[in-house]
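Enquirer: Before anything else, here's the structure in question.
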Amino acid sequence: MRILLLALLFLSLGLSPRSDLFQVVTSHPAEIEELNPYVETVHKEGRLWIVELKENVPEELFHHLRPLNGDEKSYIFKGLVLTKASKMSKDTIRERLSLVNQTLIMNDIKNLSSYQTRYTGTKENQKALSELKVRLTGLGYKLTEDCFGPGKCNLIAEKKGFEKPQDVMIVVAHIDSVGEENAGADDNASGVAALLEMARVLKDYKNKSTLRFLITNGEEQNLLGSKHYVETLKNSKDTVTLALTMDMIGYNDNNLVELETNVEYEDLAIHFAQSAALYTNLKTKITLGAWGSDHLSFLLQNIPSILVVENWETRNPCYHQACDKLDLLNGNYISEITKLNLGVLLQKDL
Ligand SMILES: [Zn+2]
């Protein structure tokens, strides 16, 4: 079966099956520059980048590459909307989603991008994180920190589930930026603002399983923070049923949002796509073959994880530049993505 699928993929890519093909899993410009002399692009579509290796790839570069599974693909979701939720629970979910407040989200993005920098470890980055501590404590969440270096910390806000406290759903967004001045609005003040709004909307919701909000740092340094955090999960008795990452959810060209994971979690991506169809006006694209954000750290530990990201083929033209500012972002799009993610969490918690 695997061979057949491989053959099908290569047919659709117009390639013959070969074992020397890899997917690039980093999006870091410096790392891509390192890799470039050793790889030849075979296929590039949105977030799916498949390469053939030239000779003598240094061993230390191999962690930026993943052998091709064969089922990697990217497609617009047009499936039927099937859901276990009854009409009553759908109405209850819709009622809660109507609490999402676009003005609050945009204010948070404005505030987070007013810091001179949010580069990991800087005083300003720490100040931004402290401000979020106050906010999340005020909403009634229990806070902890997970530090991976001096002044380099992830922030975790938790509300225990009353029925299945050992089952944990995690919402993830990175607060650090690449360091451009007063920027990083889309990458990733947008994701953090949506996380804060989800925390606000759920503050008095009686969750059956545990809800955890994880604000990571060091994402722009090869996912340092999330990699450190998933290590801490190894010693815990919790079962993480979902890690939902939001990274760059603000730039909208065609109302399309990308749901990205690895091939084994296609059903989870479809669940997200159905939630989008049920509760929002968004179109969805499913991409199987994860790379370049915090969801990778979870997937590497076999934790079901999805990245929700703006459509990568029409991504923000100011990606990783000083012009990544609020004025390029679309408030309605961010609010709809917030509702999609809330819809998924509430439906999973039924
Ligand atoms: Zn990012």
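Enquirer: Which residue, K160, K237, K227, tops the fluctuation ranking in a GNM of the chain built on C-alpha contacts under 10 Å?
Expert: K237
Enquirer: Among 44-52, 248-256, how do they line up by average Cβ neighbours within 10 Å per residue, starting with the highest?
Expert: Final packing ranking: 248-256, 44-52.
Enquirer: Here is a follow-up. Using each residue's phi in the stretch 218-223, evaluate 6.51 cos²θ - 1.76 cosθ + 1.60 at θ = phi - 60° and report the 3J(HN,Hα) Karplus result to the nearest Hz, with x for Gly and Pro.
Expert: x, 4, 6, 10, 6, 6
Enquirer: So, one more: Read phi for every residue in the stretch 186-193 and hand back ³J(HN,Hα) as whole Hz from Karplus 6.51 cos²θ - 1.76 cosθ + 1.60, θ = phi - 60°, with x for Gly and Pro.
Expert: 7, 10, 9, 4, 4, x, 5, 5
Enquirer: Can I ask one more? Need one number: the % of Cα-Cα pairs in the stretch 288-350 sitting beyond the 18 Å mark.
Expert: Roughly 54 percent, rounded to a whole number.
Enquirer: Please report the Cα spread of the chain along all three principal axes, rounded to whole Å, starting with the longest.
Expert: The Cα atoms of the chain stretch 56, 49, 43 Å along the principal axes, largest first.
Enquirer: What residues qualify as long-range amide H neighbours of K164, i.e. H under 5 Å apart, gap of 5 or more or another chain, H built at 1.01 Å from N?
Expert: For K164, whose amide H was placed from the backbone, the distant partners under 5 Å are S209.
Enquirer: A further question follows. Tell me the net charge near Y205. Cut-off is 12 Å between Cβ atoms, Y205 excluded, with +1 for each Lys or Arg and -1 for each Asp or Glu. Spell out each step's value before the answer.
Expert: On the way: positive: R96, K159, R200, K203, K206, K208; negative: E95, D204, D349.
Once all neighbours under 12 Å are counted, the net charge is +3.
Enquirer: Provide the three semi-axes, in whole Å and in decreasing order, of the ellipsoid equivalent to the stretch 184-322 as defined by the square roots of 5 times the Cα gyration tensor eigenvalues.
Expert: Equivalent ellipsoid of the stretch 184-322: 22, 19, 16 Å, largest first.
Enquirer: Net charge around L139, counting only other residues with Cβ within less than 14 Å of its Cβ (Lys, Arg = +1; Asp, Glu = -1)?
Expert: Its environment carries a net charge of +2.
Enquirer: With Cβ to Cβ distances under 11 Å as the rule, what net charge do the other residues near N316 carry (K, R +1; D, E -1)?
Expert: Once positives and negatives cancel, what remains is -3.
Enquirer: Then there is this: Starting from the Cα of N56, step 7 Å along the direction of its Cβ; do the same at N36; then give the gap between the two resulting points in nm.
Expert: Here the modelled spin labels are 2.0 nm apart.
Enquirer: Hey, what number do you get for the chain at 222 nm if only DSSP H runs of n ≥ 4 count, each worth -39500 (n - 2.57), divided across all residues, to the nearest 500?
Expert: -10500 deg cm²/dmol
Enquirer: Rounded to the nearest 5, what % of DSSP beta bridges with both residues in the chain are antiparallel?
Expert: Details: 32 of 56 bridges.
Close to 55 percent.
Enquirer: Only Cα pairs within less than 10 Å get springs; with that Gaussian network setup on the chain, which residue of I306, I175, I270 has the largest fluctuation?
Expert: Sorting by GNM fluctuation, first place goes to I270.
Enquirer: Ordered by residue, what ³J(HN,Hα) values in Hz, to whole numbers, does the stretch 253-258 give under the Karplus form 6.51 cos²θ - 1.76 cosθ + 1.60, where θ = phi - 60° and Gly and Pro are x?
Expert: Going residue by residue, I get 10, 9, 6, 9, 10, 9 Hz, with x marking Gly and Pro.
No lab work stands behind these numbers, since they all come straight from the coordinates. Note that the structure is predicted; figures quoted are calculated from it, not measured. So basically every Cβ, Gly included, is an ideal-geometry build from the backbone, and we count neighbours across all protein chains shown.
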